[in-house]
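Notes for the one structure printed next.
The values are calculated or read from the model by the stated rules, or taken from the named source; none is laboratory data. Predicted, not measured: the structure shown is a model, and the values here were computed from it. Cβ placement follows ideal geometry from the backbone for every residue including glycine, while neighbour counts extend to all protein chains displayed.
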Amino acid sequence: MHLLCTRCQTNYPLDPCRFHCDCGGVLEIGGAPAYDPAQVDRDDLTLWRYRHALPLPEGAKPVSLGEGMTPLVPARWGDLPILLKCEFLNPTGSFKDRGTTVLVTALAAAGVEEVVEDSSGNAGASLSAYAARAGLRATVYVPAHASPVKQAQIEAYGARVVPVPGPRAEAARAVLEAVGWGAVYASHVYHPLILHGMKTAAFELYEQLPSRIRDPESRIHLRVPDAVVLPAGHGSLLLGLARGFAELREAGCIQRAPRLFGVQAAPCAPLAGAWERGAADVEPVAEGETVAEGVRIGAPVRGGTVLAAVRRSGGGILALPDEETLAAQRRLAHLGFYVEPTSALAVAALDRLRDRLEGTVVVILTGSGFKSPATQS
């Protein structure tokens with residue numbers, strides 16, 4: 001296995017402490033293992049049942065809090081039947097734990113003792129928890145405007161919280177200064193190991209969905225959604241799902257991948273803007289105020305890759321105003337699902353996507369409502 005720059009094609013040894021290329025380009029992992037149904041550890045009820053498909057050193061001891069295998073719950077949104085993948089039930093209350101468990105496992109195996117991260121909340125909370133589990137020291141740079149509840153959660157795990165005034169991008173700049181001083185950057189944005197943790201959500205959906213065998217002779221199980229709808233900021237979960245479904249297809253487990261629909265908040269929607277223009281890459285936008293702080297990303301670093309993945313899937317990207325997001329959050333709570341506004345984005349989009357949705361529709365609920373300020377929920 002090795003690291004490969006997506007911009008200049010430079011190769012590096014697989015080093016978990018390297019988060020980008022010297023040219024500034026983002027990295028992928030070359031020669032990574034892929035999904036093999038025969039190697040799934042069915043006695044393990046966490047995402048580590050897919051250990052064989054994760055690009056980690058042999059013998060690395062998983063740093064785990066019991067993440068993954070989140071419920072897939074049937075529901076209805078008006079007259080539309082849907083399945084809700086409850087990622088907010090992960091150990092720290094968000095989908096971020098999928099990537100963190102893999103990244104921290106690799107960093108701990110490499111002997112790292114201290115990590116830094118920038119986050120609007122969920123990624124920082126996740127890193128802080130898994131760092132504590134592994135016995136690592138953690139410092140998290142957060143936008144000063146980030147949810148006080150999320151900042152308190154980060155601090156509760158023993159991490160040092162550094163509030164940074166200004167938009168989300170200022171926290172990113174602050175953490176890069178710390179990296180310049182020699183800190184190890186456990187980045188949910190840049191690090192390619194994160195995407196391999198996220199791909200396990202696709203593997204779980206394959207196991208959780210009912211089998212529909214059209215051709216008994218082929219023994220192909222069509223356990224795949226027709227569409228997956230989810231919030232998209234940097235798009236790490238979307239890219240992880242695309243990778244996971246591709247591996248399932250290559251393994252002969254499914255015949256096609258689902259259409260992927262990413263949803264952004266209208267005040268900060270660079271992916272949706274690029275999608276509407278038919279562009280191959282994003283242009284940075286101002287970080288407008290939005291209740292969906294988890295997707296308040298003005299310049300997604302893998303934006304072009306996200307756009308390409310959505311196009312290949314036959315899906316789409318759209319943006320919603322905050323009033324629709326908050327209405328969906330309240331409506332979801334009345335169905336028994338208490339999520340933060342960022343999660344509600346995906347469900348709110350169903351009303352606009354209804355004409356494009358048929359068959360099995362999965363909606364990803366990414367973060368817990370317990371992380372939201374009381375005035376939002």
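Strands (runs of 3 or more DSSP E) wholly in region 1-87 with at least 2 residues that are touching a residue at least 40 places away in the same chain (Cβ under 8 Å) - which ones?
Values: elements: 2-5, 11-13, 27-30, 72-77, 80-86.
The qualifying strands (runs of 3 or more DSSP E) are 27-30, 72-77, 80-86.
Mind checking whether some residue in region 307-329 is in contact with a His (Cβ under 9 Å, 6 or more places away or on another chain) and not polar (S, T, N, Q)?
In the first step, residues of region 307-329 are kept if they are in contact with a His (Cβ under 9 Å, 6 or more places away or on another chain); the result is none.
For region 307-329, residues in contact with a His (Cβ under 9 Å, 6 or more places away or on another chain) and not polar (S, T, N, Q): absent.
Checking the condition among the charged types (D, E, K, R), out of contact with any strand residue (DSSP E or B) (no Cβ under 6 Å at 6 or more places or on another chain) and surrounded by 15 or more Cβ atoms within 10 Å (Cβ to Cβ), which residue from ARG354, ARG331 passes?
ARG331
State which residue is nearest to SER313 (Cα to Cα) when the search covers only region 267-284 and only residues that are hydrophobic (A, V, I, L, M, F, W, C) and surrounded by 18 or more Cβ atoms within 10 Å (Cβ to Cβ). Explain how you work it out, then say what you get.
To start, the set of residues in region 267-284 that are hydrophobic (A, V, I, L, M, F, W, C) comprises 268-269, 271-272, 274-275, 279-280, 282.
Okay, now just the ones that are also surrounded by 18 or more Cβ atoms within 10 Å (Cβ to Cβ), so 268-269, 271-272, 274-275, 282.
Working: CYS268: 24, ALA269: 20, LEU271: 16, ALA272: 16, ALA274: 17, TRP275: 14, VAL282: 18 Å.
Of everything passing the filter in region 267-284, TRP275 is nearest to SER313 (Cα to Cα).
Kindly state which helices (runs of 4 or more DSSP H) lie completely within region 320-377 and contain at least 1 residues that are among the β-branched types (Val, Ile, Thr). Before the answer, list the steps.
Values: elements: 322-333, 341-348, 350-353.
Hits in region 320-377: 322-333, 341-348.
Inside region 90-174, counting only helices (runs of 4 or more DSSP H) that do not spill past its ends, which hold 2 or more residues that are without any contact (Cβ under 8 Å) to a residue 40 or more places away in the chain?
122-134, 148-156
Across region 143-156, what is the total count of residues that are at pLDDT below 95 and either touching a Gly at 6+ places or on another chain (Cβ under 6 Å) or of a type in the set (S, T, N, Q) (or both)?
Of the residues in region 143-156, 4 are at pLDDT below 95 and either touching a Gly at 6+ places or on another chain (Cβ under 6 Å) or of a type in the set (S, T, N, Q) (or both).
Could you please find all residues in region 175-211 being of a type in the set (A, V, I, L, M, F, W, C) and surrounded by fewer than 20 Cβ atoms within 10 Å (Cβ to Cβ)?
Scanning region 175-211 gives LEU176, ALA178, VAL179, TRP181, ALA183, LEU209.
From the list SER126, SER64, SER120, exactly one residue is at pLDDT below 95, farther than 30 Å from THR10 by Cα and not assigned by TED's automatic domain parsing to the domain that holds VAL347. Which is it?
SER120
Taking ALA349, is it buried (at least 24 other Cβ atoms within 10 Å of the Cβ) and out of contact with any Asp or Glu (no Cβ under 7 Å at 6 or more places or on another chain)?
yes
Can you tell me which residue within region 247-266, out of those that are touching a Phe, Trp or Tyr at 6+ places or on another chain (Cβ under 8 Å) and either assigned to a strand (DSSP E or B) or of a type in the set (A, V, I, L, M) (or both), is surrounded by the most Cβ atoms within 10 Å (Cβ to Cβ)?
LEU248
Hey, ALA309 hits all of (1) within 12 Å of PRO231 (Cα to Cα); (2) part of a helix (DSSP H, G or I) but one; which does it fall short on?
(1)
Quick check on region 27-61: of everything there that is buried (at least 19 other Cβ atoms within 10 Å of the Cβ) and hydrophobic (A, V, I, L, M, F, W, C), which residue is farthest from ALA308 (Cα to Cα)?
Ranking the candidates gives TRP48 first.
For the subset of region 65-120 comprising residues that are within 13 Å of the chain's Cα centre (by Cα) and of a type in the set (Phe, Trp, Tyr), which member is surrounded by the fewest Cβ atoms within 10 Å (Cβ to Cβ)?
Per the criteria, the residue is PHE88.
In the list PRO270, PRO321, which residue meets the criterion of being under 19 Å from the mean Cα position of the chain (by Cα) and over 21 Å from ALA201 (Cα atoms)? Full working, then the answer.
Values: PRO321 fails: under 19 Å from the mean Cα position of the chain (by Cα).
So the residue among PRO270, PRO321 that is under 19 Å from the mean Cα position of the chain (by Cα) and over 21 Å from ALA201 (Cα atoms) is PRO270.
Table: residues versus (1) touching a His at 6+ places or on another chain (Cβ under 8 Å); (2) closer than 25 Å to ILE154 by Cβ; (3) not basic (Lys, Arg).
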| residue | (1), (2), (3) |
| --- | --- |
| LEU65 | no, yes, yes |
| ILE82 | no, no, yes |
| GLU87 | no, yes, yes |
| LYS96 | yes, yes, no |
| ARG133 | no, yes, no |
